[in-house]
Structure formats: C-alpha cells, structure tokens
Amino acid sequence: MANDYKVLYRKYRPTTFDEIVGQKYSIEMLKNAVTSNKISHAYIFTGPRGTGKTSTAKIFAKTINCENPKDGVPCGTCNSCQNINNNADIIEIDAASNNGVDEIRELINNVKIAPSYSKYKVYIIDEVHMLSQSAFNALLLTLEEPPSHIVFILATTNIESVPITILSRCQRYDFKKLSDEELSNHLKKVSDLEKIAITDEAIEEIAYLSEGGCRDALSILNQLSTSNDSIDLNTVLNNYGSVSMIQIQNIVKYYLKNSFEQLKNVFDSMEKSSMDYKVFLKKLIDRLFKEAVEYKNKNENVEYLKIKETIFELNDLINKININVDPFILIFLVLVKNVSVSEENKGMLVETEVEKKEKIDTEMVVETAKPETIENSKESSKEVKKEKKMEIKPKEIPLLNQKYIDYLEELKKVRVNNCFAEADKSLLLSSKEKWLQFNNNLAPTDEIKSIIIDSELVLASSTINIVIDNQESIVDMFNNNIKKIEAKYEEVMGVKIHFIAVLSSDWDRDKKEYIKNIKEKYVYKLMEEPISPQLEDTPESRVKESLRDSSAQYSDYTDILKIFSEDHIEIK
C-alpha cells in the first residue's frame with residue numbers, strides 16, 4: 001500500500017502567489033510583469049534557503065502559461081493550469097547534480113524545440129551557482145539570444161558564485177529571510193489546520209531556530225508533532241539544543257552587574273546540557289547587541305564600549321572554537337575577562353578620574369565665590385595660562401592654521417609609514433586591550449572620551465599606534481588633540497605611545513598599498529617626524545625650554561634628540 005503521507009513543508013508548499021510568505025515586493029513585481037505582458041527571457045531568484053525561490057519559480061511558470069490570467073494570477077481552470085504537475089514544457093533541473101557542460105549542451109539542443117502546447121517552455125535551474133565554468137560558458141550564448149518561446153528561471157543561494165556575465169543577462173529578484181513574526185504567524189496557521197497542540201512560546205522558539213527559512217520552520221514543527229503530547233518551550237529546547245531567552249537574559253544581567261559567582265553558576269548548570277553552543281552564541285550576541293544600543297542611546301559610553309568589544313570577541317570565537325575544548329568554557333572566559341576588567345576600572349581608575357573632576361569643579365566654585373582670593377592664586381593662574389599656551393590648538397595660532405594642517409598631514413604620513421616599518425603583530429592584540437582599557441578608564445565627562453569613543457586600533461609598533469574612525473570630523477579632532485591624548489594615555493596607562501588617527505576609507509587604501517609593497521619586496525624605512533609649526537619664530541632658548549617643560553608630546557628634550565640630532569633642529 002502506497003504511503004500517502006506528506007511532510008508539512010511539502011503539504012503546505014505554496015501553489016499560488018498569495019500563499020508565498022514574506023516576499024511581497026518580488027511577488028508584486030512578477031504579477032506586474034504578467035499583467036503588462038513584459039515577460040523577460042531570463043530571471044534569477046536569489047536568497048537564503050527555504051524562502052520560496054523554487055516555489056515562486058513554479059508559480060510564475062504556471063502563470064505565464066495560463067490561458068486566462070487575471071491581474072497576474074493564473075485562472076486555475078484552463079488546460080495548462082490543470083496539468084501543471086505533468087507539463088512537459090516546464091523543466092526543472094538540479095544544477096548540483098547536473099552541473100557539467102554535457103548536460104547544458106543537451107539543454108541547449110532542446111531549447112530549439114518549440115513547446116508542446118504551452119505559450120512558453122520554461123527551464124527552472126535550481127542551485128545554478130553549482131554549474132561548472134564550462135557549463136556557464138555554454139549557457140551564455142543561449143541566454144544572450146534565446147528563442148522567443150523560452151524563459152529561464154535560475155535560482156541560487158549563493159549569488160556571489162554566479163558569473164557577472166550571467167547576472168547581467170537576467171532580471172534579478174532578491175528573496176529575503178522571513179521575520180520571526182511572519183514565521184510565527186505561518187506556523188500558527190499550519191498548527192491550527194493540522195490540529196497540533198503547541199504553545200506560543202514554542203512557536204516563537206521554532207521561528208528563531210529556523211533563521212528566516214519557512215521550510216526549516218515547518219520541518220521542525222513536523223518532527224516535534226510526531227509525538228502526541230502538547231509541544232511547549234521545553235520540548236523545543238530539549239530537542240534542538242537551544243537555550244531559553246530567560247537564561248540568556250540572566251547571563252547578560254550577571255555580566256553587566258559584574259557578578260562572577262552567578263555567571264559561574266549558570267555556566268556550571270549548562271556544562272552537562274546538550275545545548276548547541278552556536279545557537280547559544282547567536283542568542284547571546286543578539287541580546288548583547290540590544291543592550292549596546294540601549295546604552296548608546298543613553299550615552300553611557302563605558303558600558304557601550306565594554307559590550308561592543310565583547311560582541312566582537314564572541315563573534316571571533318565562533319571560528320576559533322576547537323571541538324576538543326568545551327566551547328562553553330571559552331565563552332565563559334570571554335565574559336569573565338571583561339567582567340574582571342570592568343570591576344578593576346570601576347573600583348580604581350574611573351573613580352579616581354571622577355574625584356579629580358569634582359576637585360577641579362570645587363576649586364573653580366571657590367574662586368568664583370571669593371574674589372579676594374584671586375591675588376593669592378596668581379602663581380597657579382600663571383601656571384594654568386602657561387599650560388594653555390603650550391597646548392597646540394590651531395584656533396590659538398590663526399597665522400599658522402594652514403601650516404598646522406600641512407604639518408598634521410605630514411605627521412600622519414610619517415607615523416603610518418614608521419608604524420608599517422616596525423609593526424609587530426604580537427603587539428596588536430595587547431595594544432587593542434590597552435586601548436579599550438584606556439577608553440574605559442576615562443570618565444564619561446572627559447573631553448577625550450567623546451573623541452576616541454568609537455575609534456578602533458588597527459596597527460601597533462613599540463612606539464606608534466594607529467587608530468581609525470568612519471567620520472572625518474572625528475579624525476581631525478583626534479589629530480588636533482593628539483598631544484593631549486598621548487599625555488593622558490601615558491598618565492593612565494603608564495606607557496608612552498605616539499598616536500595618529502586615519503579615516504577608515506584611507507586606511508583601507510593604505511593597507512592595500514602596504515600589502516602590494518610587501519609582495520614587491522619594498523622595504524619601509526623610518527622617516528623623521530616634522531616639527532610642529534608652533535615652534536617657528538621662537539628664540540632658541542625659549543624653544544628648548546618649552547620642549548623640556550612640555551608633557552604633551554615629549555617628556556623632555558632628550559626625547560627629541562633620540563629622534564633628531566641637534567643639527568636637524570633649526571631655529572629661525
């Protein structure tokens with residue numbers, strides 16, 4: 001006796017445009033093409049698995065061959081519609097198993113034959129990216145000048161592997177992943193029709209696990225429905241190694257509160273579970289991203305930076321996990337590392353910066369409230385003025401504005417070159433961690449914090465670090481305040497490092513040029529840094545004195561002599 005049972009994804013495969021879930025734009029465009037009688041000779045449908053590409057191709061083939069279509073919808077009663085499943089003029093080819101040039105040549109020979117009783121002979125080539133290069137070349141001429149009765153519909157999950165010569169001859173339709181809401185609504189509809197007892201929480205979890213694929217969602221529902229028991233959230237979690245959002249929320253809460261013991265207890269409880277670490281990581285990153293957005297909206301930059309760095313580390317971990325090591329141990333270590341750093345910062349350095357600011361604010365209030373104390377504070381006022389005078393700010397030296405801009409451009413060029421010359425890959429990771437720590441240690445109200453908050457450190461040597469940012473205005477602000485940033489970094493981190501900021505797009509160009517030069521055996525040589533234009537038109541004794549006193553770029557004059565000899569310091 002034949003088995004008439006059909007799995008759910010086959011039973012509920014769409015047969016009309018209205019039954020396609022979540023591809024409204026593509027469906028409307030195809031309907032319009034039929035209505036206006038503007039049928040192209042070649043289409044390519046691209047998108048993730050299970051989003052309706054092949055089903056749409058079959059429905060479109062049925063529609064263009066319908067004898068009485070209405071508003072882009074097949075009538076369903078004509079001879080062509082009635083025999084759609086046995087129509088010899090609609091040919092499906094699986095390119096994964098028929099990917100050779102011989103199969104395509106046979107297809108080309110058959111193309112010349114007119115359709116048996118339909119308006120169009122339609123070739124649906126699934127997973128077209130699997131065709132060999134020779135097969136693509138053989139198909140190319142036919143796509144260029146096909147007979148008027150031929151329509152090609154190509155479908156692929158990997159559009160990048162399809163040659164541009166093929167793409168340029170096709171109308172492209174992108175099928176998107178279905179949203180969790182769209183999948184949940186469809187699953188509820190199917191569950192009601194099949195009389196499957198399932199909770200809303202279980203449906204939402206199935207929608208999440210299917211990652212936007214309707215076929216995957218129906219397959220999961222089908223497997224779980226083989227039991228006569230009601231399907232709840234725990235049924236889904238236990239069968240598919242998933243983790244509940246409550247557990248994820250607890251982990252994120254303990255992480256943000258720096259609760260080491262509670263975090264450890266949660267991970268200990270997961271040690272013996274059959275949880276899929278990839279599902280766990282994906283949910284954890286999704287939740288952390290939502291938290292990061294909330295902190296960014298509140299302008300709480302310390303927490304935002306901490307979460308952002310953790311997300312990057314967890315994402316990198318996906319590709320680094322070795323099956324011989326428990327992945328949950330590695331995930332736990334990433335979280336704990338950031339927890340411990342945060343505790344240290346909050347307990348020591350960040351608090352210190354806040355105390356300093358409060359002290360300065362208090363002194364300013366006292367000075368404002370008691371004018372008679374101005375005479376007693378002449379010395380300190382002179383020191384403040386002297387310190388301000390030594391800051392390099394283009395607005396304070398208008399006559400040298402253009403010179404200063406040129407100086408910064410030259411400084412950028414020199415420091416990028418010198419960092420390439422002495423770049424140390426082993427230093428990059430530790431330098432990134434120090435940069436993040438420095439960022440975290442700055443008080444939220446610190447002016448430097450607002451400048452460096454979204455910058456990324458991309459190259460490091462023992463003396464120079466290069467950071468990048470997407471905004472040109474931030475890059476300019478960084479470099480205009482470079483001495484202040486370097487002095488602050490040395491104060492907080494106890495290490496003297498020179499910095500330079502580069503626009504992200506410029507950095508991509510510099511990096512490509514560097515790779516090209518290395519391949520061509522070009523040797524980077526150290527260059528001397530330009531002298532700031534602020535040092536011009538100053539008597540020699542005052543220049544040397546300012547160099548000795550300055551803590552913004554050089555700790556003392558001997559540091560200059562380490563880079564330049566006396567002969568190279570010219571005073572006019």
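Could you grab me the full set of residues in segment 480-522 that are among the aromatic types (Phe, Trp, Tyr) and under 18 Å from VAL458 (Cα atoms)? Within segment 480-522, TYR489, PHE499, TRP507, TYR514 qualify.
Say whether the condition of being touching an Asp or Glu at 6+ places or on another chain (Cβ under 7 Å) and over 15 Å from LYS412 (Cα atoms) is met by at least one residue in segment 490-506. Taking every residue of segment 490-506 in turn, at least one turns out to be touching an Asp or Glu at 6+ places or on another chain (Cβ under 7 Å) and over 15 Å from LYS412 (Cα atoms).
All conditions but one from (1) in a helix (DSSP H, G or I); (2) modelled with pLDDT of 90 or more apply to LEU139; the one that does not is (2). Per this entry, LYS483 is not counted among residues that are of a type in the set (Lys, Arg) and either surrounded by fewer than 17 Cβ atoms within 10 Å (Cβ to Cβ) or at positive phi (or both). From the list LYS189, LYS121, LYS112, LYS176, the one residue that fits, being within 28 Å of CYS78 (Cβ to Cβ) and surrounded by fewer than 17 Cβ atoms within 10 Å (Cβ to Cβ), is LYS112.
Of the residues making up segment 63-79, one or more are aliphatic (A, V, I, L, M), touching a strand residue (DSSP E or B) at 6+ places or on another chain (Cβ under 9 Å) and either buried (at least 22 other Cβ atoms within 10 Å of the Cβ) or more than 27 Å from SER210 (Cβ to Cβ) (or both). Scanning for something in contact with a Leu (Cβ under 9 Å, 6 or more places away or on another chain), in the same structural domain as ASN32 (by TED's automatic domain parsing) and more than 19 Å from PHE175 (Cβ to Cβ), does segment 69-92 turn up at least one residue? Among the residues of segment 69-92, at least one is in contact with a Leu (Cβ under 9 Å, 6 or more places away or on another chain), in the same structural domain as ASN32 (by TED's automatic domain parsing) and more than 19 Å from PHE175 (Cβ to Cβ), which makes the answer yes.
When segment 93-109 is limited to residues that are out of contact with any Phe, Trp or Tyr (no Cβ under 9 Å at 6 or more places or on another chain) and buried (at least 19 other Cβ atoms within 10 Å of the Cβ), the one that is nearest to GLY52 (Cα to Cα) turns out to be ALA95.
Considering every residue within segment 104-111, establish whether at least one is at pLDDT below 85 and under 40 Å from the mean Cα position of the chain (by Cα). Yes, there is a match, as at least one residue in segment 104-111 is at pLDDT below 85 and under 40 Å from the mean Cα position of the chain (by Cα). Given the criteria touching a Ser or Thr at 6+ places or on another chain (Cβ under 6 Å) and β-branched (Val, Ile, Thr), does VAL266 qualify? For VAL266, the condition - touching a Ser or Thr at 6+ places or on another chain (Cβ under 6 Å) and β-branched (Val, Ile, Thr) - is not met. Exactly one residue out of ILE150, ILE196, ILE166 is touching a Lys or Arg at 6+ places or on another chain (Cβ under 8 Å), over 30 Å from GLN262 (Cα atoms) and surrounded by 15 or more Cβ atoms within 10 Å (Cβ to Cβ), and it is ILE150. Hey, could you check segment 142-166 for residues that are in a helix (DSSP H, G or I) and over 22 Å from THR54 (Cα atoms) and say which is modelled with the highest pLDDT? Within segment 142-166, the match that is modelled with the highest pLDDT is THR165. For segment 521-531, the count of residues that are under 29 Å from the mean Cα position of the chain (by Cα) and hydrophobic (A, V, I, L, M, F, W, C) is zero. Listed here are the helices (runs of 4 or more DSSP H) enclosed by segment 1-102 that have at least 1 residues being within 20 Å of ILE150 (Cβ to Cβ) and at pLDDT 85 or above: 24-35, 53-64. There is at least one residue in segment 212-232 that is surrounded by 15 or more Cβ atoms within 10 Å (Cβ to Cβ), in the same structural domain as ILE196 (by TED's automatic domain parsing), in contact (Cβ under 8 Å) with a residue 60 or more places away in the chain and on the phi > 0 side of the Ramachandran plot.
The C-beta contact set for segment 135-157 (first residue over 30 Å from LYS177 (Cβ atoms) and in the same structural domain as CYS170 (by TED's automatic domain parsing), second residue part of a helix (DSSP H, G or I) and of a type in the set (Ser, Thr, Tyr), distance under 7 angstrom, 6+ apart or interchain) comprises LEU140/THR165.
The values are calculated or read from the model by the stated rules, or taken from the named source; none is laboratory data. Keep in mind it's a predicted model, so treat the numbers as computed, not measured. Please note: Cβ atoms are built from the backbone with ideal geometry, for glycine as well, and neighbour counts cover all protein chains shown.
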